[in-house]
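Structure record follows, encoded as structure tokens.
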Amino acid sequence: MKRLIYLLATGLLVVLPSLAIAEEAPVSEMSYILNTFSFLVMGILVMWMAAGFGMLESGLVRSKNVATICLKNIALFGIAGVLFYLIGYNLMYNGVDGGYIGSLGLWGADDAAAAAGDFSAGYSAASDWFFQMVFCGAACSVVSGCVAERIKLWPFLAFCVVLTGIIYPVQGSWGWGGGWLSELGFVDFAGSTIVHSVGGWAALTGAIILGARKGKYGKKGQINPIPGSNIPLATLGTFILWMGWYGFNGGSVLALGDAASAIAMGNVIVNTNMSACGGMIAAMIMVQILYKKVDVTMALNGALAGLVSITAGPDTPSLGAAVLIGAVGGVLVVLAVPFFDKLKIDDVVGALSVHLVCGIWGTLAVPFTNSEASFVTQLIGVAATGAFVIVASSIVWLVLKFTVGIRVGEEEEFRGMDVTEIGMEAYPDFQKISSGASSAH
């Protein structure tokens, strides 16, 4: 009996430590799996925003330019993927070390440690690359709607190459890649400045250098509205963007492998939603007060304004504060749209008002709910990013303008980009009916 007890005790001494190790390993591996899964799924949601931008812009341009805007939106996403692989990711994240830029070189996944059982990296390299890449595409999408209906296809795509390959990654390295802004304590949780205002600044320089659409502005300060082709399509695009934003902000928690991360992600997603609600309602009320009628496009942009506004700091506000942050964004959009029109800066979809103005507001609002953020540091981040993108974008736009040209001719603009630029109409049957009706009269 004593011998049996001795053997059992000895066996337990041998087996229990191995059981403990076996119990710990799956926890670490499970955390790795959940974090990787979060990056992939949330990245897919952000990629879905590309469809949202495409549908929103398709609804807000005229029918003669819809096919072209669809082409631009899918093309720029492909460009973002290739350029972020060739140069962008390493410029943004590799070897920044408190400086201003990373390193040159192709990105390559290195998961050898995880394959050998060491999960300390936290998530797979490819899932991280994918999640960061779709943000790069989102920044570029902001530009396409602003400069729509008069810019040539290939010069626009050439600008996208530089924006996604150099401009976005370089400034992104300052805040997210361990660069000098992060050393100062700059806070931009998911990219009100690093993504949205960057797209806004690039769009602003492009719109100024490109000029307004023919007939948009008359003499003596007259502003002629140019209605879009499809309000239901623009509304669908807004809903898609709203949905995709849950991945944009929620995925920026950068983890889902423990309870604390899951709680944080839930709070971020709920705050994101409430800010959009606040922005939309405030925009509707504001436009009713100012113009005595509710403009559907203002309501749509109000929701997007709330989403952009909360993106810099969705992790710290209460629900009420999130609503207020979004509401301020909604009011700013209603005021900003006529402001840019008075300056004769033609923004087809309101991208400047939504992404630039509210991107700045959202970044500066972070210290209201986050005690670790400094208003001065936030202002430095906004100003430095704006200055860099303005200078870099202006150089690229001007080089393109004085070499290959960036604007279609007046006749091409009148006929529409679909026919003159790509030779394919989005609504060919509708165009035939319209032409027949015109000739009959």
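The values are calculated or read from the model by the stated rules, or taken from the named source; none is laboratory data. Being a predicted model, the structure only gives us computed values, none of them experimental. Every residue, glycine as well, gets a Cβ built from its backbone with ideal geometry; the counts of neighbours run over all protein chains shown.
Could you grab me the full set of residues in the range 170-195 that are out of contact with any Leu (no Cβ under 8 Å at 6 or more places or on another chain), over 17 Å from residue 247 (Cα atoms) and either modelled with pLDDT under 95 or of a type in the set (S, T, N, Q) (or both)? Answer for the range 170-195, where residues must be out of contact with any Leu (no Cβ under 8 Å at 6 or more places or on another chain), over 17 Å from residue 247 (Cα atoms) and either modelled with pLDDT under 95 or of a type in the set (S, T, N, Q) (or both): 171, 182, 193. Here is the figure for the range 90-111: residues that are among the hydroxyl-bearing types (Ser, Thr, Tyr) and in a loop (DSSP other than H, G, I, E, B) total 2. When the criteria are applied in full, residue 197 meets the requirement of being among the polar types (S, T, N, Q), in contact with a helix residue (DSSP H, G or I) (Cβ under 8 Å, 6 or more places away or on another chain) and buried (at least 24 other Cβ atoms within 10 Å of the Cβ).
Every listed requirement among (1) more than 20 Å from residue 400 (Cβ to Cβ); (2) touching a Ser or Thr at 6+ places or on another chain (Cβ under 8 Å) is met by residue 167 save one, (1). If you filter the range 408-417 down to residues that are touching a residue at least 60 places away in the same chain (Cβ under 8 Å) and assigned to a helix (DSSP H, G or I), you find that the one that is surrounded by the most Cβ atoms within 10 Å (Cβ to Cβ) is 417. Taken together, the criteria place residue 46 among residues that are buried (at least 20 other Cβ atoms within 10 Å of the Cβ) and touching a residue at least 24 places away in the same chain (Cβ under 8 Å).
When you scan the range 167-185, do you find a residue that is crowded, with 19+ Cβ neighbours inside 10 Å and under 18 Å from residue 305 (Cβ atoms), even just one? Scanning the range 167-185, I find no residue that is crowded, with 19+ Cβ neighbours inside 10 Å and under 18 Å from residue 305 (Cβ atoms), so the answer is no.
Among the conditions (1) over 13 Å from the mean Cα position of the chain (by Cα); (2) closer than 30 Å to residue 153 by Cα, residue 186 misses just one, which is (2). Tallying residues that are surrounded by 15 or more Cβ atoms within 10 Å (Cβ to Cβ), hydrophobic (A, V, I, L, M, F, W, C), closer than 30 Å to residue 42 by Cβ and over 19 Å from the mean Cα position of the chain (by Cα) within the range 203-252 yields 1. When residue 420 is tested against the conditions (1) in contact with an Asp or Glu (Cβ under 8 Å, 6 or more places away or on another chain); (2) in contact (Cβ under 8 Å) with a residue 24 or more places away in the chain; (3) surrounded by 16 or more Cβ atoms within 10 Å (Cβ to Cβ), the lone failure is (2). Just to verify a result, which residue in the range 108-141, among those that are among the hydrophobic types (A, V, I, L, M, F, W, C) and modelled with pLDDT under 95, is nearest to residue 251 (Cα to Cα)? Per the stated criteria, the residue is 121.
Looking across the range 247-260, the residues that are more than 18 Å from residue 321 (Cα to Cα) and in contact (Cβ under 8 Å) with a residue 60 or more places away in the chain come down to 247, 248, 251, 252, 253, 254, 255, 256, 257, 258.
Does residue 56 satisfy the criteria of being buried (at least 21 other Cβ atoms within 10 Å of the Cβ), modelled with pLDDT of 95 or more and hydrophobic (A, V, I, L, M, F, W, C)? Taking the combined requirement at face value, the residue satisfies it.
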